[in-house]
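K.L.:
There's a structure below that I have some questions on.
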Amino acid sequence: MSFKIVVIGTSLGGLSALKILLVNLPPDFPVPIAIVQHRHKESSNTLKELLQESTSLLIREVEDKDEILPKYIYLAPANYHLLVELGHFALSTDELVSYARPSIDVLFESAADIYTEQVIGVILTGANQDGVQGLKKIKARGGLAIVQEPATSESYVMPQAAISAVAVDWILTLKDIASQMVKLCH
């Protein structure tokens, strides 16, 4: 199975979690990664700089119609939903979903619609249930679901909600999530 995209969703505690995950990915990780990190609608792009310190993969904050390229990490910009379309991303200012924009569910559901079984969905630490519906859809379309071990999360609510609602493939620590992604995508 060759995967077309890895989608990652996180909220409270996400910066620390993402840094640990990214530092454990090799510089030649071949599959594009799209990330929704809940953040304030007026936050600057410092998230990109802070995460770039942890990886040699190129990180970019998505602009509408950006092409989806291998070996890149794409961040949803503050106050925009990030959607996957065939070969590129789209941005939307539609209503909040699970009190959030960007919404993890929106990213995950759109990725599942386009790439079906070629999607890996990853839920990390967070204090709400955003991402549960999107992860369900990824699984329903034949994709894979990885969730951070709740006991290792800064906030266990989001990973626990995903585990309770979805037949996840793996429940792992952050370092093990990175290893599993490498095994699946190399």
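A short reminder: the numbers here are calculations on the coordinates, not readings from a lab. For clarity, every value in this text was computed on a predicted model and none was experimentally measured. In this analysis, Cβ positions are derived from the backbone assuming ideal geometry, glycine residues included, and neighbour counts consider all displayed protein chains.
K.L.:
Within the set of pairs 6+ apart or on separate chains, which have a first residue in the stretch 52-74 that is more than 24 Å from ILE20 (Cα to Cα), a second that is surrounded by 12 or more Cβ atoms within 10 Å (Cβ to Cβ) and among the acidic types (Asp, Glu), and C-beta atoms under 9 Å apart?
P.N.:
LYS65/GLU85
K.L.:
Inside the stretch 56-74, can you point out the residues that are of a type in the set (Asp, Glu) and touching a His at 6+ places or on another chain (Cβ under 7 Å)? Explain how you work it out, then say what you get.
P.N.:
First, the residues of the stretch 56-74 that are of a type in the set (Asp, Glu): 61, 63-64, 66-67.
Across the stretch 56-74, the qualifying residues are ASP66, GLU67.
K.L.:
Just to be sure before I move on: is ILE171 of a type in the set (Val, Ile, Thr) and part of a helix (DSSP H, G or I) in the structure I sent?
P.N.:
no
K.L.:
Out of the residues in the stretch 13-36 meeting the condition of being in contact (Cβ under 8 Å) with a residue 60 or more places away in the chain and under 18 Å from PHE108 (Cβ atoms), tell me which one is surrounded by the most Cβ atoms within 10 Å (Cβ to Cβ).
P.N.:
VAL36
K.L.:
What is the residue count in the stretch 117-169 for residues that are of a type in the set (Phe, Trp, Tyr) and buried (at least 24 other Cβ atoms within 10 Å of the Cβ)?
P.N.:
So in the stretch 117-169, the residues of a type in the set (Phe, Trp, Tyr) come out as 156.
Now restrict to residues that are buried (at least 24 other Cβ atoms within 10 Å of the Cβ): none.
Summing the residues that are of a type in the set (Phe, Trp, Tyr) and buried (at least 24 other Cβ atoms within 10 Å of the Cβ) in the stretch 117-169 gives 0.
K.L.:
Give me the strands (runs of 3 or more DSSP E) completely within the stretch 81-142, filtered to those with at least 3 residues that are over 22 Å from ILE177 (Cα atoms) and either out of contact with any Gly (no Cβ under 6 Å at 6 or more places or on another chain) or polar (S, T, N, Q) (or both), ordered by residue number. Can you show your working first?
P.N.:
Working: elements: 81-85, 88-92, 119-123.
Ranges flagged: 81-85, 88-92.
K.L.:
Quick one: how many residues across the stretch 42-57 are surrounded by 13 or more Cβ atoms within 10 Å (Cβ to Cβ) and among the charged types (D, E, K, R)?
P.N.:
The total comes to 1.
K.L.:
Let me ask you something else. I'd like the full set of residues that are buried (at least 17 other Cβ atoms within 10 Å of the Cβ), among the β-branched types (Val, Ile, Thr) and over 12 Å from ILE120 (Cβ atoms), limited to the stretch 170-186.
P.N.:
ILE171
K.L.:
Ok, one more. Give just the number: which of (1) crowded, with 16+ Cβ neighbours inside 10 Å; (2) assigned to a loop (DSSP other than H, G, I, E, B) does TYR74 not satisfy?
P.N.:
Of everything listed in (1) crowded, with 16+ Cβ neighbours inside 10 Å; (2) assigned to a loop (DSSP other than H, G, I, E, B), TYR74 misses just condition (2).
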